[in-house]
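Below is one structure, written out as structure tokens, with a few remarks after it.
The values are calculated or read from the model by the stated rules, or taken from the named source; none is laboratory data. A quick note: this is a predicted structure, and the numbers were derived from the prediction, not measured. Methodologically, a virtual Cβ is constructed for each residue, glycine included, from the backbone with ideal geometry; neighbour enumeration extends over all protein chains shown. Areas reflect the complete protein model, heavy atoms only, side chains present, ligands, DNA and RNA absent. Shrake-Rupley method; radii C 1.70, N 1.55, O 1.52, S 1.80 Å.
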Amino acid sequence: MKEKSKKLFFEMTVIVLLAAITGIAWNHRLLRDAYTGKYAIAKTPPEISTTTGAEMMPVGLMQVKDLFDRKEAVFVDARENSVFSQAHIANALSLPLANVDSALPMFQQKVPYSSILILYCSGYGCHDSKDLGKKLQTKGYQQILIFEGGFPEWQSAGFPIEGADL
Amino acid sequence: MRIKTKHYFLLTLRVGLGLVFIYAGILKIRDPIAFAGSVAAYKLLPYFLNYLVAATIPWVEAACGLFLIVGFRVRAVAGITAAMNILFIFLLASTIVRGLDIDCGCFRQGGAKTSAWIAIMRDIVFLATALILFTEQKERRFSYR
């Protein structure tokens with residue numbers, strides 16, 4: 001009986017380990033980038049891409065703050081205009097996913113294609129920033145970082161924000 | 001007749017649970033970044049570990065689903081799915097206790113929010129199914145039940 005339980009536990013462990021190793025191998029690039037916080041900065045001018053093949057890098061709060069302090073990135077708020085005007089990350093540009101098509105020409109005039117873009121929305125569970133990132137990739141922006149903690153994480157960390165409600 | 005009924009009952013449970021897990025796994029495998037966001041929303045792990053969980057758990061789910069459907073190592077896989085569901089139930093209960101209003105991230109990432117209570121009820125059904133398979137399934141490398 002004890003032998004049977006041991007064997008069963010061994011089988012369970014092997015199945016979990018094999019599946020987990022497969023997952024790590026499959027996602028090794030994502031894991032590496034998440035671990036190092038590295039992001040690719042293109043040396044050559046970006047070409048207009050018609051695919052969404054390039055991976056959009058996730059970026060953590062402290063890396064975002066670092067880029068904010070060094071003024072090396074453009075912050076793009078994917079939330080609704082009304083929410084943006086209440087409060088947003090200081091100096092962020094509004095590009096709501098809902099009316100991206102009408103707002104994009106103005107955005108493209110203002111923001112060079114070589115810019116590092118940090119896209120955010122209402123935090124984990126909000127996917128507008130990622131969807132917006134895909135859209136911007138197809139328009140030629142290649143250096144896109146997704147700040148998944150979004151405005152809630154930035155605000156709760158006490159970092160600079162601005163807006164009508166403040 | 002009774003044996004035959006039990007046979008079909010177990011077969012239905014096994015394949016049904018397998019389909020649920022393979023579906024849940026594949027949806028998350030396709031979008032690991034979104035799932036990492038769902039994991040992070042539970043506010044339990046540091047930044048990188050959210051990604052590690054998002055990279056591995058869906059593969060365990062999908063493997064369990066596949067093995068249940070084909071009937072490979074059913075008792076072991078039922079044990080894993082039961083353990084995972086117990087873990088999920090605890091995690092979901094923790095969101096209620098901590099007052100977190102988040103999507104459970106159980107299946108499709110993003111979209112309509114599933115409340116923690118509904119997700120817990122669903123996981124209890126999956127847990128019961130896994131436990132039935134765990135106790136009733138005979139030890140065989142491949143099961144045709």
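Rolled with a 1.4 Å probe across the full set of protein chains, the surface gives B:Thr5 an accessible area near 80 Å².
Relative to the longest principal axis of the Cα atoms of chain B, helix B:2-30 runs at roughly 30 degrees. Residues A:Val100, B:Val125 ordered from highest to lowest accessible area at a 1.4 Å probe: B:Val125, A:Val100. Residues B:His7, A:His127, ordered by accessible area of protein heavy atoms at a 1.4 angstrom probe radius and largest first, appear as B:His7, A:His127. Mean residue ellipticity, 222 nm, helices only, the protein assembly as shown: the sum of -39500 (n - 2.57) across DSSP H runs of n ≥ 4, divided by residue count and rounded to 500, is -19500 deg cm²/dmol. The mean of 1/r over all pairs of different alpha-carbon atoms in the stretch B:2-136, once inverted, gives a Kirkwood hydrodynamic radius of 15.3 Å. Solvent exposure of chain A, expressed per residue, is 55 Å² of accessible area, with all protein chains present and a 1.4 angstrom probe.
Evaluated with a Cβ-only charge set (Lys, Arg +1; Asp, Glu -1), the stretch B:2-136 carries a dipole of roughly 400 debye about its Cα centre, given to the nearest 20.
Rounded to whole numbers, the Karplus 3J(HN,Hα) couplings from phi for the stretch B:66-79 are 5, 5, 5, 5, 7, x, 9, 6, 5, 5, 4, 5, 4, x Hz, using 6.51 cos²θ - 1.76 cosθ + 1.60 with θ = phi - 60°, and x at Gly and Pro. Ignoring aspartates and glutamates fewer than eight residues from A:Lys65 along the same chain, the ones with Cα atoms less than 12 angstrom from its Cα are A:Glu153.
Each label point was placed 7 Å from the Cα along the Cα-to-Cβ direction; for B:Leu44 and B:Tyr8 their separation is 4.0 nm.
Heavy-atom accessible surface of A:Ser156, to the nearest 10 Å², is about 100 Å², with a 1.4 Å probe and all protein chains retained. Taking 21 Å as the limit for the C-alpha separation, the pairs A:Lys139/B:Lys28; A:Lys71/A:Lys110; A:Lys110/A:Lys135; A:Lys134/B:Lys28 exceed it in the case of A:Lys139/B:Lys28. Note on A:Lys7: aspartates and glutamates with a C-alpha under 18 Å away, same-chain residues under 8 apart excluded, are B:Glu136, B:Glu139.
In this Cβ point-charge picture (+1 for Lys and Arg, -1 for Asp and Glu), the protein assembly as shown has a dipole of about 1840 debye about its Cα centre. Figure note: A:Lys6, B:Lys28 ranked by solvent-accessible area, largest first, 1.4 Å probe, ligands and nucleic acids not counted: A:Lys6, B:Lys28. By a 1.4 Å probe calculation restricted to protein chains, B:Leu19 has an accessible surface near 100 Å², given to the nearest 10. Once backbone amide H atoms are built at 1.01 Å from N, A:Leu93 has A:Phe75, A:Val76, A:Asp77 as its partners under 5 Å, excluding neighbours fewer than 5 places away on the same chain. Could you check how many percent of all C-alpha pairs in chain A are farther apart than 24 Å? The proportion of pairs with Cα distances above 24 Å equals 42 percent.
Interface residues of the stretch B:60-108, defined as those with an accessible-area decrease of at least 40 Å² between the chain by itself and the complete set of protein chains (probe 1.4 Å), are B:Val60, B:Arg73, B:Ala76, B:Ile80. Between chain B and chain A, roughly 2500 Å² of accessible surface gets buried, counting both sides and using a 1.4 Å probe.
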